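The structure appears right after this line, and notes come after that.
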Amino acid sequence: MTDASQSNLVGMQLLRNAHGRLVLTLANGTVFEAVTPVRAFPIDAPLEGLSLIAADGKEALWVPRMVDLQPEHRQLIEQDLAVREFVPTIEEILKVSSFSTPSTWDLRTDRGTTQMVLKGEEDIRKLAGRTKLQITGQDGVQYRIPDSNKLDRHSRKLLERFL
């Protein structure tokens, strides 16, 4: 891991090249082509602990906190992360086919309506208490519920049958 104090972040440059890849230039002039941002704690602390991985698979720069980045650098990194981290947020559970598993759920997410097959209740992961959930469908797509208390009554009632 490369040490990245606040001063290293100030002197760094991050650009997108003509091929759409991120190019990192450190304060000492070292250039890394095609860096890939990777969150250390994508679920529990998505804005803390970010590594910029060089094309050779080694860490080029460690960023302790995303807020420490220049706004234009943070925007480039967030654009890359958004493409790689496809995790729709469940806004409403419209219906479920059965209260036993496997069960097909009709969902309204922030990406539109969809169906998900829940293989087993163990595919519902409680991240913080009983309200922050991550659900993995049969096809491997992960869905998140940031706060189940904010779902409508019908959705909460359906969800409670599986918790």
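To the nearest 0.05, what FRET efficiency results for Arg108 and Gln142 with a Förster distance of 22 Å applied to their C-beta separation?
Numbers: r = 17 Å, r/R0 = 0.76.
Computed FRET efficiency for Arg108 and Gln142 comes out at 0.85.
For region 90-154, restrict the atom set to alpha-carbon positions and state the Rg and Dmax in Å.
11.0, 27
Roll a 1.4 angstrom probe over the protein heavy atoms and tell me the percent of accessible area of the chain that is carbon or sulfur.
Details: 4650 of 9450 Å².
Exposed carbon and sulfur together represent 49 percent of the surface.
Using alpha-carbon pairs under 8 Å, 6+ residues apart, how would you state the relative contact order of region 46-93 in percent?
Working: 34 pairs, mean separation 12.1, N = 48.
Dividing the mean separation by the residue count of region 46-93 yields 25 percent.
How high is the relative contact order of the chain, given as a whole-number percent (alpha carbon pairs under 8 Å, six or more residues apart)? Working shown, then result.
On the way: 298 pairs, mean separation 23.1, N = 163.
In percent, rounded to a whole number, it is 14.
Counting only heavy atoms of the protein chains, get the accessible area per residue of the chain (1.4 Å probe) and round it to a whole Å² value.
Working: 9450 Å² over 163 residues.
For the chain, the solvent-accessible area averages 58 Å² per residue.
Taking the alpha-carbon distance from Lys95 and a cut-off under 28 Å, which lysines remain once sequence neighbours fewer than 8 residues away in the same chain are dropped?
Here the lysines satisfying the reach criterion relative to Lys95 are Lys119, Lys126, Lys132, Lys150, Lys157.
What are the radius of gyration and Dmax of region 11-110, computed over its Cα atoms and given in Å?
Using the Cα atoms of region 11-110, the pair Rg, Dmax is 18.1, 60 Å.
Taking a spot 7 Å from the Cα of Glu91 along the direction of its beta carbon, which residues of region 129-163 have an amide N less than 20 Å from it?
Those under the cut-off are 132-135, 142-159.
Helix 71-84 versus the longest principal axis of the chain: what angle, 0 to 90°, nearest 10, using Cα atoms?
For 71-84 against the chain, the angle is about 50 degrees.
The values are calculated or read from the model by the stated rules, or taken from the named source; none is laboratory data. Owing to the predicted nature of the structure, the values given are computational and were not obtained by experimental measurement. Note: ideal-geometry Cβ built from the backbone for every residue, glycine included; neighbour counts use all protein chains shown. What goes into the accessible areas is simple: the full protein's heavy atoms, side chains included, and nothing from ligands, DNA or RNA. Shrake-Rupley method; radii C 1.70, N 1.55, O 1.52, S 1.80 Å.
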